[in-house]
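The values are calculated or read from the model by the stated rules, or taken from the named source; none is laboratory data. All figures in this text were calculated on a predicted structure; none of them were measured in a lab. Neighbour counts are summed over all protein chains in view; Cβ atoms, including those assigned to glycine, are modelled from backbone coordinates with ideal geometry. Keep in mind that these areas ignore ligands, DNA and RNA; they rest on the heavy atoms of the full protein, side chains included. Shrake-Rupley method; radii C 1.70, N 1.55, O 1.52, S 1.80 Å.
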Amino acid sequence: MPQASTTIAAPPAPGGERSNVLRLAVAQALAGANSTVVYATGAVVGSTLAPSPALATLPISIFVVGMAACTLPSGVIAQRHGRRAAFLAGTGCGVLAGLLAALAVVLGSFALFCAATFLGGAYAAVVLSFRFAAADCAPPARRARALSAVMAGGVFAGVIGPQLVTHTMDRWPPYLFAASYVAQAAVAAVSALILLGVRLPRPTAAEAAGGRPLGAIVRRPRFVTAVVCGVVSYLLMNFLMTSAPLAMRMCGLSQGDANLGLQWHVIAMYAPSFFTGRLIARFGAPRVVAVGLALTAASAVVGLLGVDVAHFWGTLVLLGVGWNFGFVGASAMVLECHRPAEKARVQSFNDFAVFGTMAVGSFLSGGLLSSFGWSTVLSLSFLPILLAAGALAWA
């Protein structure tokens, strides 16, 4: 059966496509700071609080576990009560995550800090569903652009997050980063207020029923390829970004260098979204994904060439652009694989597969970095790239 026959246009949401997309993009900008703060500080705080150096990146791995664990529940909430209910539940987790993280730093509790990052991951899982909500607001011809426009809000997250850390990390002496987490909680609360204005259609009876069995959808070659490419794009981005700040510290570089490198990485992750949707419309999602995989491979090559600031920053910037093309392209492929009544289940299953696999990379990155070094972490990234390239060729 032709792929196009499985996708049925849903009407744009009441309240205006542009207004909804704009609010979702602004919320993406604010909420994206949550992830940036965790990645900028998680390994450093973890190395201070953890009982063993090998557990330094465990809080970030727990963050990813939180993303994976909460994608399916978020999809259930969206299917039964609407996407806005899921959004507000997620931002509540974001506020609580910041407050618990600050308390963990003050008390010196590694376990509490891990609990906080788990809630931060739950928040991040809901935030990533903003892109699919934007697609709900647009007719089929503009869905890729709407999805891409919301992802573009992350450009500002790339500025807000690192600058928030830089300007607040020493504000609560002697508790490094405690004030940063309190500020992150406040930003999450502002994001919740913006999301209150989003007007999306309530779930229909057909959507509540769920459409075709999930197993019949996820076995389709197009969907398998979309999931594999999304998994690899996000896995490698997280795998390398988790290790990079700690690797920079191990190489004698400053926390300021790490913060700035992470800032440009996040900007590179989201800035291409201003035109990624147009590229997908013109060249097709698979070609855009292929370019993303090539850029991710190039980022590992740059990192292998040296350990100066320029090498780390070059790696992080190329990694960000590669992630954007790979992940946005894979997300656009997912939109072609379901009918409107099936969207919540299929999209949440896709994100569960992406973040569940990504959690494995997060758990491995800390041990690999401490045991074998930055070069080994970079070298291992080529294997998943080859896997994703093979999936594209197969599809």
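In table form, for the structure just shown:
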quantity: Matching entry among A290, A310, A281, A271 (being farther than 13 Å from W374 by Cβ and out of contact with any helix residue (DSSP H, G or I) (no Cβ under 8 Å at 6 or more places or on another chain)); calculated: A310
quantity: Extreme residue, nearest to I267 (Cα to Cα), among residues of the stretch 14-28 that are open to solvent by less than 10 Å² (accessible area, probe 1.4 Å) and of a type in the set (A, V, I, L, M); calculated: A27
quantity: All positions within the stretch 50-65 that are under 11 Å from L368 (Cα atoms) and small (G, A, S); calculated: A54
quantity: Elements of type helices (runs of 4 or more DSSP H) in the stretch 180-297, at least 1 residues being farther than 23 Å from N324 by Cα; calculated: 205-209, 214-218, 221-250, 255-270
quantity: Residues of the stretch 29-60 that turn out to be touching a residue at least 60 places away in the same chain (Cβ under 8 Å) and touching a Gly at 6+ places or on another chain (Cβ under 7 Å), as a count; calculated: 16
quantity: Considering residues of the stretch 156-187 that are closer than 30 Å to I280 by Cβ and open to solvent by less than 20 Å² (accessible area, probe 1.4 Å) only, the residue modelled with the lowest pLDDT; calculated: G158
quantity: Scan of the stretch 332-343 for residues that are open to solvent by 20 Å² or more (accessible area, probe 1.4 Å) and part of a helix (DSSP H, G or I), ordered by number; calculated: L335, P340, A341, K343
quantity: Which listed residue, of L369, L304, is modelled with pLDDT under 90 and either closer than 26 Å to T36 by Cβ or in the same structural domain as M67 (by the TED database) (or both); calculated: L369
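Results for (1) farther than 21 Å from V231 by Cα; (2) at pLDDT 95 or above; (3) surrounded by fewer than 18 Cβ atoms within 10 Å (Cβ to Cβ), shown as yes or no for each residue.
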position	(1), (2), (3)
A298	no, yes, yes
V321	no, yes, no
F327	no, no, no
R345	no, no, no
S348	no, no, no
V354	no, no, no
W374	yes, no, no
V377	no, no, no
